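A short reminder: the numbers here are calculations on the coordinates, not readings from a lab. If you're wondering where the values come from, they're calculated on a predicted model, not measured in any experiment. Glycine also receives a Cβ, built like all others from the backbone with ideal geometry; neighbour counts cover every protein chain displayed.
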Amino acid sequence: MTVRLRILILGPAREGDLAWHVAMALRGLQYEVILEDLVHFDREDPLWKRVPWKTPGLHRWAIRWMNRRVRTLWRASRPNLVRICKGRFLLPETVEEIRRAGIPVINWFPDGIREMESEFVMECLPHY
């Protein structure tokens, strides 16, 4: 009897985004994949989705809210692996909490090094 690997993928996950493509490829290989779209604030998004990420007073609230959502999601989905695409807004304590539960956490950050220096990416590196 084989055990299917359950992978939680977190990141920009609209059709055509990297996280979406990775999820489709892994599903094609018969893995169980949970794909969760974390943050979008592109021009085509509705204003109500962009405002918390672009407003200084709401920015920290949005980050805390998203990290609570990630913790709830991984607990509910019970994945064998968490794969993060970029993870700009993940707090180190969120990544560490998942790791302490014995779940490997990887981050695939496909953009340039200058993008990595934004938000919490560099703080989280030791936790991946």
For segment 6-32 and segment 96-111, what is the separation of their Cα centres, given in Å? 16 Å
At R0 = 22 Å, how high is the FRET efficiency between Leu18 and Trp61 if r is their beta carbon distance? Nearest 0.05 is fine. 0.25
For the Arg100, Arg6 Cβ pair and Förster radius 22 Å, calculated FRET efficiency rounded to 0.05 is 0.75
